[in-house]
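> My questions all concern the structure below.
The values are calculated or read from the model by the stated rules, or taken from the named source; none is laboratory data. On a predicted model such as this, the values are computed, not experimentally measured, just so you know. Heads up, the Cβs are rebuilt from the backbone with ideal geometry, glycines too, and the neighbour counts pull from every protein chain shown. Ligands, DNA and RNA are excluded from the accessible area calculation, which covers all protein heavy atoms including side chains. Shrake-Rupley method; radii C 1.70, N 1.55, O 1.52, S 1.80 Å.
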Amino acid sequence: MIDDGPAFKFLLHRSVKRFDLDLAAWPWPPDRGGNDWGSYWQVRFEDTIFRVGLGVRKLIEAAKLSIEVQARPIDVMFAPLRDNLVPNSQNSHRVNEYYETEAMRPEKIPVLALCHAVVHSHILVPRFSVSGSTGLRLQDFFLASDRGRKRGVYLVSWETIVRELVTPVVMDNVISIRIWSTLDGEELRIPASTDRPAEEHIEFYKDISTGNANAVEKFLIKWRQSHGLSPEVTL
C-alpha cells in the first residue's frame, strides 16, 4: 500500500456514505425505480460491504490500522444452527429455515474477525426496511463465513457497522509500530495508536501472525475470554 492510510480510509468512508445517500434518494414507492429494485440494492450492498471488509483487511496487512481498532468489539446478534442442517450455496438465503433466528442472543466479535467473515462470507443477506416516512433503508444483514455457517449466523445492524467499525477505522491514527521477527524469519509489524500498546493486544496480534485457521481461532478464544464471553468460537 503506497498511501500512508488516511486517504484510503477516507475512500472507505465515502463508499459507505454514498451508499446511504443513494438509498435515501431512491424513489418512493421503491418499484418506481424499477421492478428489480431488490436485486439492485442487494448488489449495491454487497459491493459496499466487500469494499469495507477487503479494505480493512488491506489496511491490516499493510500495518496501517492500529491493533486497538482491530481488536475493537462489535455488538451483534447470533443464531445457532437449527437441526444440524447446514445451508449450501443454493439455499443460503433461507436463513430462518436453517438457523434459530427466534432464539438469537447478543454477541461480540472483533473488527478483524468481522471483516474476515465478510471476505469469506457464505451467507450475506441484507434486510431493508420500507416506510412511507423514512423511505428505503438498510436495517441489518445476516452474515456467516464458509466455516462459521456450520455453527450459526450473525445478525449485524447497519448502523452498528457505520458507528462501531467504519467510523473508528476512519478516525484511527497509527503513531507507533513495533517490529518482531517470527520463528520462520518473517518480519512482523504491530501498528498501534499509542506509544505503549497493551501487551494483551500485542499477544493477540502475534497469535494471528501465522495467518492459519488454528491461529485465528486461538486469537478469538483469548479475545472472547478477555471480554467475559464463553471461549466457544462462533465465527
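> Going by the structure shown, is GLU97 touching a strand residue (DSSP E or B) at 6+ places or on another chain (Cβ under 9 Å), assigned to a helix (DSSP H, G or I), surrounded by fewer than 20 Cβ atoms within 10 Å (Cβ to Cβ) and of a type in the set (D, E, K, R)?
So GLU97 does not fit the description; no.
> Follow-up question, since we're still on this one. Restricting to the stretch 128-148, and then to whatever is small (Gly, Ala, Ser) and not in a strand (DSSP E or B), can you tell me which residue is least open to solvent (accessible area, probe 1.4 Å)?
GLY148
> Name every residue in the stretch 1-42 that is open to solvent by less than 50 Å² (accessible area, probe 1.4 Å), small (Gly, Ala, Ser) and within 18 Å of LEU138 (Cβ to Cβ), in order of residue number.
Matches in the stretch 1-42: SER15, GLY33, GLY34, GLY38.
> Only one of (1) modelled with pLDDT of 75 or more; (2) crowded, with 17+ Cβ neighbours inside 10 Å; (3) not in a loop (DSSP other than H, G, I, E, B) fails for VAL216. Which number is that?
Going through the list (1) modelled with pLDDT of 75 or more; (2) crowded, with 17+ Cβ neighbours inside 10 Å; (3) not in a loop (DSSP other than H, G, I, E, B), VAL216 breaks only (1).
> Considering each of VAL118, VAL162, VAL153, VAL76 in turn, give the residue that is of a type outside the set (Lys, Arg), touching a Leu at 6+ places or on another chain (Cβ under 8 Å) and either surrounded by fewer than 17 Cβ atoms within 10 Å (Cβ to Cβ) or not in a strand (DSSP E or B) (or both).
After ruling out the rest, the residue left standing is VAL118.
> Of the residues VAL125, VAL174, only one is of a type in the set (A, V, I, L, M, F, W, C), outside any strand (DSSP E or B) and on the phi < 0 side of the Ramachandran plot; which?
VAL174
> For the stretch 49-61, indicate whether the set of residues that are modelled with pLDDT under 90, of a type in the set (A, V, I, L, M, F, W, C) and under 30 Å from THR194 (Cα atoms) is non-empty.
For the stretch 49-61, residues modelled with pLDDT under 90, of a type in the set (A, V, I, L, M, F, W, C) and under 30 Å from THR194 (Cα atoms): present.
> Any idea which of (1) more than 22 Å from ARG178 (Cα to Cα); (2) in contact (Cβ under 8 Å) with a residue 40 or more places away in the chain; (3) part of a helix (DSSP H, G or I) is the one LEU59 doesn't satisfy?
Evaluating LEU59 over (1) more than 22 Å from ARG178 (Cα to Cα); (2) in contact (Cβ under 8 Å) with a residue 40 or more places away in the chain; (3) part of a helix (DSSP H, G or I) leaves (1) as the failure.
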